[in-house]
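Worksheet: one structure, shown below.
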Amino acid sequence: MKHENKVAIVTGAAQGIGKACAERLFADGAIVVLSDINQEQAEAAAMDLDPSGKRAVAIRCDVGIRTEIKKLVEDVVARFGRLDIMVNNAGITCTTPAIDLTEEELDRVLNVNLKGCYFGTQEAARVMIGQRQGGSIVNMSSAQAELVIPDRVPYGISKAAINQITRIFAIALARQNVRVNAVGPGTILTPLSLGMNKNEAAYRRVLSRTPMGRVGRADEVSGIVSFLASDDASYVTGQTVYADGGRAYLNYTVPVDDELPELKL
Ligand SMILES: NC(=O)c1ccc[n+]([C@@H]2O[C@H](COP(=O)([O-])OP(=O)(O)OC[C@H]3O[C@@H](n4cnc5c(N)ncnc54)[C@H](O)[C@@H]3O)[C@@H](O)[C@H]2O)c1
């Protein structure tokens with residue numbers, strides 16, 4: 001298995017894309033630490049993967065607090081002896097028109113999405129540099145790193161910054177055998193996006209901008225994360241791979257069927 005004997009941390013792993021990443025890395029052989037602010041749900045997810053607690057555990061961490069990220073990485077190294085894969089996935093959003101956004105809203109989202117990714121990368125890299133085999137870091141970006149939704153201001157800013165954080169660390173660490181890449185999902189069905197269930201107009205808007213005619217599944221993101229983290233991607237660094245059903249290069253919109261695909265987690 002491609003991640004055998006590797007130790008991985010996934011932040012925001014209690015549900016959604018983070019949980020799918022933890023599941024996929026575990027299935028590919030890694031020891032996985034599921035980290036989240038929701039410790040109860042992260043513990044349940046870890047238990048589902050490995051009731052013995054040998055290859056999957058939950059450790060609480062709020063990635064919006066720098067000292068907690070440092071402690072998470074220290075705890076993982078103390079417990080498992082190393083860190084090979086870091087997936088900086090935890091992310092939040094807020095919906096406020098650009099003209100009304102408050103400083104508090106900006107700080108709240110940037111703290112988690114931007115600073116959480118930056119310090120998660122930095123702390124993981126420090127450990128990986130000290131290991132002979134290096135390591136691999138994968139950051140969770142978004143189609144919104146490139147495309148604009150004008151009432152998702154700090155989210156878009158944070159995801160564009162994640163692409164640049166990815167490039168900066170990729171180049172800074174290139175000679176130390178630490179690769180840094182990102183995945184940029186389009187619309188993926190998770191608890192975060194399930195709200196479309198109650199808003200047909202919003203769901204139609206999404207599909208009109210998705211050439212493949214459906215939203216994505218979390219496992220369609222986690223497979224790319226596992227690939228980028230693996231030796232199969234040994235010459236890939238600094239990239240953001242978009243999993244967006246074709247949205248990035250679509251000008252205008254595509255037709256949407258009258259009957260919509262069912263949204264079910
Ligand atoms: N779902 C999508 O359509 C989509 C699209 C593009 C990018 N993304 C990105 O993928 C990532 C995961 O999204 P999702 O849809 O699975 O979201 P989600 O809301 O379903 O899950 C996010 C998880 O992160 C945890 N979390 C929130 N704040 C945290 C913090 N401060 N510290 C640690 N954990 C925290 C939550 O408790 C939750 O378990 C995010 O970075 C998001 O921006 C999602």
Open item on the list: Please count how many residues of segment 125-162 are hydroxyl-bearing (Ser, Thr, Tyr) and within 24 Å of Ser234 (Cα to Cα).
Closed with: 3
Open item on the list: Against the condition under 27 Å from Ala14 (Cα atoms), without any contact (Cβ under 8 Å) to a residue 60 or more places away in the chain and in contact with a Leu (Cβ under 6 Å, 6 or more places away or on another chain), how does Val127 come out, does it pass?
Closed with: yes
- [ ] Please specify each residue of segment 20-42 satisfying the condition of being of a type in the set (Asp, Glu), assigned to a helix (DSSP H, G or I) and in contact with a helix residue (DSSP H, G or I) (Cβ under 8 Å, 6 or more places away or on another chain).
- [x] Glu23
Task: Members of segment 209-237 that are more than 16 Å from the ligand (Cβ to nearest atom), hydroxyl-bearing (Ser, Thr, Tyr) and surrounded by 15 or more Cβ atoms within 10 Å (Cβ to Cβ) - done: Ser230, Thr237
- [ ] Starting from segment 197-209, keep only residues that are in contact (Cβ under 8 Å) with a residue 12 or more places away in the chain, then list their pairs with residues that are in a helix (DSSP H, G or I) whose Cβ atoms are within a distance under 6 Å, requiring at least 6 positions of separation or different chains.
- [x] Tyr203/Met196; Arg209/Arg247
- [ ] Exactly one condition in (1) more than 9 Å from the ligand (Cβ to nearest atom); (2) under 26 Å from Lys115 (Cα atoms); (3) without any contact (Cβ under 8 Å) to a residue 40 or more places away in the chain; (4) not basic (Lys, Arg) is not met by Ala42; state its number.
- [x] (1)
Task: Pair list, Cβ < 9 Å and 6+ apart or interchain, from segment 1-30 residues that are modelled with pLDDT of 95 or more and among the acidic types (Asp, Glu) to residues that are within 10 Å of the ligand (Cβ to nearest atom) and assigned to a loop (DSSP other than H, G, I, E, B) - done: Glu23/Ala218
Task: Counted residues, segment 230-265 - those being part of a loop (DSSP other than H, G, I, E, B) and charged (D, E, K, R) - done: 6
Task: Count - residues of segment 198-208 that are under 25 Å from Ala90 (Cβ atoms) and surrounded by 15 or more Cβ atoms within 10 Å (Cβ to Cβ) - done: 1
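One line per residue, one yes/no per condition, for (1) within 18 Å of Ala170 (Cβ to Cβ); (2) at pLDDT 95 or above; (3) in contact with an Asp or Glu (Cβ under 9 Å, 6 or more places away or on another chain); (4) of a type in the set (A, V, I, L, M, F, W, C):
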{"position": "Gly91", "(1), (2), (3), (4)": "no, yes, no, no"}
{"position": "Glu104", "(1), (2), (3), (4)": "no, yes, no, no"}
{"position": "Val109", "(1), (2), (3), (4)": "no, yes, no, yes"}
{"position": "Cys117", "(1), (2), (3), (4)": "yes, yes, no, yes"}
Open item on the list: Just checking, does segment 75-86 include any residue being surrounded by 24 or more Cβ atoms within 10 Å (Cβ to Cβ) and under 20 Å from Tyr155 (Cβ atoms)?
Closed with: no
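The values are calculated or read from the model by the stated rules, or taken from the named source; none is laboratory data. Worth saying up front: this structure is predicted, and the values here are computed from it rather than measured. Neighbour counts are summed over all protein chains in view; Cβ atoms, including those assigned to glycine, are modelled from backbone coordinates with ideal geometry.
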